[in-house]
Structures are given as structure tokens and as C-alpha cells.
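Where a number appears in this text, it was derived from the coordinates with a stated rule and is not lab data. Just so we're clear, the structure is a prediction, and the values are computed from it rather than from any experiment. With ideal geometry, Cβ positions are generated from the backbone for all residues, glycine too; neighbour counts draw on all protein chains shown.
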Amino acid sequence: MRIDVRTFGADRLVAELHDVPEGAHRNVVKATQVTAHHIRDTARERSSGIAHAPLYPYTISYDVNDRGVGDGVDAEIGPDRDKVIGGGPKRTPGHLDNIFEYGTPNSAPIPHVNPALDKWAPDFERGLRIAAEQALERL
């Protein structure tokens, strides 16, 4: 017994399926970068005006780590404890992050990173949903 199978467009489908994860990953990286940028800017705004640490907002930064297709992406957002800012002697007000965010028995908290994350989380989720939808549209 002999069976003949003919396929039309199978190679194209396989190529498109191969491109879907890469395209989706690219969009996830973009969503992560944009959201990290917004969180950083919002945290800087919320922490500006601290009289005894006016340069503190400038220590807040972000790093995006793209581990590749299938492995994911992450972002680290917050004060860089080692960032030297300002002139003169070394100033590293980034080490004050927990004191400002959560306060101490002697000082009130100045929430800035956590509220910024809360503000931008829905936008990030929307970006991930768009990335998934666009990947599926390519099929």
C-alpha cells in the first residue's frame, strides 16, 4: 500500500511558527524596557524634593536583562547604591533607598518605587497582551 501526501505552504507555516517566538520575545523586551523607563521616571518624581538628599532621585535607574528567546527578560529598577553623583566628595545617596521607601522610627516613609510599580503594572500587562496577540496574528 502506498500513500502520497502533498503539502502546500507547509514550509511557509514552519518558517512563520519559527518566527513567532522571536517576534513575541522582541515585543516583550520592548514592553519591559518601556515600563522600566516609566517606573524609573515616576519613582524619581515621587522622591524629588527630599531636603537632606536632593540628589537621591538621580540614583534611581534601571537595567534590562534580555536572556534570549525562550529564556525571558527581566528588569531591575531602583536606586543604585554605588552611583556617584554630584561634584566634590563621593556622594552615594542610593544607599538610603530602604530608609526613604519604608521610613524609620524617626522618619516618615517616602514611598516612591513601589507606587511607581503599581502605577505602571497595568500598562506592562497590556504590553504583554499586545505582544502575545501580535505573535498569534502572524500565524
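Listed values, structure above:
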| item | result |
| --- | --- |
| Where labels lie 7 Å past Cα in the beta-carbon direction, separation of Q33 and D118 in nm | 3.0 |
| Likely footprinting exposure, S107, S61, fewest C-beta neighbours within 10 Å first | S107, S61 |
| Residues with amide H under 5 Å from that of I60, placed H, sequence gap 5 or more | D80 |
| Per-residue Cβ neighbour rank within 10 angstrom, fewest leading, I77, I130 | I130, I77 |
